[in-house]
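A short write-up of the structure that comes next.
The values are calculated or read from the model by the stated rules, or taken from the named source; none is laboratory data. This is a predicted model, so every value here is computed, not measured. Because the Cβ atoms are built from the backbone with ideal geometry, glycine has one as well, and the counts that use them run over all protein chains shown. What goes into the accessible areas is simple: the full protein's heavy atoms, side chains included, and nothing from ligands, DNA or RNA. Shrake-Rupley method; radii C 1.70, N 1.55, O 1.52, S 1.80 Å.
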Amino acid sequence: MAHIPTYDLNDGTSIPAIGFGTYPLRGDDGTEAIRTAIEAGYRLVDTAVNYDNEVEVGEAIRRSGVPRDELVVASKIPGRHHAYDDAIRSVRESLDRLGLERTDLHLIHWPNPSQGTYVEAWRALVQLQKDGLVRSIGVSNFTEEHLVRIIDDTGVTPAVNQVELHPRFPQEHMREVHERLGIRTEAWSPMGKRRAPLEEDAVRAAAEAHGVSPGQVILRWHVQLGSLPIPKSADPVRQAQNLDVFGFELSDEQVAAISALAEPDGRLFGGDPDTHEEM
């Protein structure tokens, strides 16, 4: 089993340097895929209310036989639950579905700025952390403006911001913002989904040089940027391969060549956090 390094978070806790994404794994097959990932060595498992698979995640954890305190379980508050009381209720309902007494990381899934209640959701997470129902708190898809607003309002800085980040969209500005504020960058869609640059020369050359797969090169690129990738796969072989990215190191030139694959607007969902709303 691969040894996975950890990052220290700004709240004094730590988190594995790679995680397992569970969307859209559902039903018995989904539970089994999540279980095999845990048994392969993943210790950070990422879910959300809107993935509709918290029950499966909880069941996979129990079936895996891995002690609960070795796992970092993350979930997310959806846009429709941003009002303070709704956010509190949302987290409690997530815990019920997961069958857990606490989550280790709870995020606001999207800022939904037109709704304007993400500050309430953040206040709720701050309180839930004090109450011991969540260990670490963070956000997802927040811009610098959104981050500054919740930090100014509560004095509490998110431990992580989970954003879309991949070689086509390396998020250089947000990574600099996170570095300045002491926030860990987490990456959803770390490969870039259908637009994954697996065939690009920069990726293939690095894969051949290190005797690894193109996917492993991209995940290693994340690690060397300080980005925490959350790859997803239902295939046990691919799951293990995605985890095995700590035994080689890309050169500065290789990292730069992969970063140079950035496109003017390489986003996947065709919008940005200021305009994209999530229910």
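Pull up region 214-265, narrow it to residues that are crowded, with 17+ Cβ neighbours inside 10 Å and among the basic types (Lys, Arg), then point me to the one that is nearest to GLU32 (Cα to Cα).
LYS232
As an exercise: evaluate SER251 against (1) modelled with pLDDT of 95 or more; (2) within 18 Å of the chain's Cα centre (by Cα); (3) under 25 Å from GLU179 (Cα atoms) and give the number of the one condition it does not meet.
It is condition (2) that SER251 fails.
Which condition breaks for TYR42 when tested against (1) in contact with a strand residue (DSSP E or B) (Cβ under 6 Å, 6 or more places away or on another chain); (2) open to solvent by 10 Å² or more (accessible area, probe 1.4 Å); (3) assigned to a loop (DSSP other than H, G, I, E, B); (4) within 19 Å of ALA187 (Cβ to Cβ)?
Checking TYR42 against (1) in contact with a strand residue (DSSP E or B) (Cβ under 6 Å, 6 or more places away or on another chain); (2) open to solvent by 10 Å² or more (accessible area, probe 1.4 Å); (3) assigned to a loop (DSSP other than H, G, I, E, B); (4) within 19 Å of ALA187 (Cβ to Cβ), the one that fails is (2).
With closer than 30 Å to ALA206 by Cβ and without any contact (Cβ under 8 Å) to a residue 60 or more places away in the chain as the only criterion, which of GLU144, GLU164, GLU93, GLU179 stands out?
Unique residue meeting the criteria: GLU179.
Kindly provide the set of residues from region 7-36 that are exposed (fewer than 15 other Cβ atoms within 10 Å of the Cβ) and within 16 Å of the chain's Cα centre (by Cα), ordered by number.
Passing the criteria: ASP8, SER14, PRO24.
Residue check: is VAL66 over 16 Å from VAL139 (Cα atoms) and open to solvent by less than 50 Å² (accessible area, probe 1.4 Å)?
Yes: the conditions hold for VAL66.
So, ARG102, is that one within 24 Å of ARG63 (Cβ to Cβ), open to solvent by 60 Å² or more (accessible area, probe 1.4 Å) and in contact with an Asp or Glu (Cβ under 6 Å, 6 or more places away or on another chain) or not?
no
When you scan region 176-206, how many residues do you find that are of a type in the set (Gly, Ala, Ser) and surrounded by fewer than 19 Cβ atoms within 10 Å (Cβ to Cβ)?
Of the residues in region 176-206, 3 are of a type in the set (Gly, Ala, Ser) and surrounded by fewer than 19 Cβ atoms within 10 Å (Cβ to Cβ).
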